[in-house]
Amino acid sequence: MEPTVFFNISYYDLLIGFDGTISPLIMSLGILLSGKLSFHIPTITTTLTGSEWVKNLYPNVKDCISVIERDDDNESDVIEEIVKTVISCALRLKRDHQDQNQSL
């Protein structure tokens, strides 16, 4: 199978430059999500992307991986949860970075 190409760059070459992703789309992008996970890229997605399997592997935001419950009637809740998750992950990463600097 040939790799997907975006901007004349293979998906995996492009992916390693990401600091994080939010994918609340209504389609199955499981292969794209598994690539993000394999490169340890903080990722937020929703149950409508076919990514429910992630909840078993990464049950909370401690790994900066989150699957938010989404249906046709909770758009405002999803937006609020995405914002909370981004803030929580950013604060965690900042603390981790500060802890690393203090241990040097």
Simple label model, 7 Å out from Cα along Cβ direction - TYR12 to GLN98, nm: 3.7 nm
Theoretical gain in end-to-end length, GLU80 to SER34 [0.36 nm per residue, Cα-Cα removed]: 14.1 nm
Per-pair calculated FRET efficiency, R0 = 25 Å: LEU57 and ALA90 via Cβ, rounded to 0.05: 0.70
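All of the numbers you see were taken from the coordinates with simple rules; none came from a lab. As the structure is a prediction and not an experimental result, all values here were calculated from the model. Please note: Cβ atoms are built from the backbone with ideal geometry, for glycine as well, and neighbour counts cover all protein chains shown.
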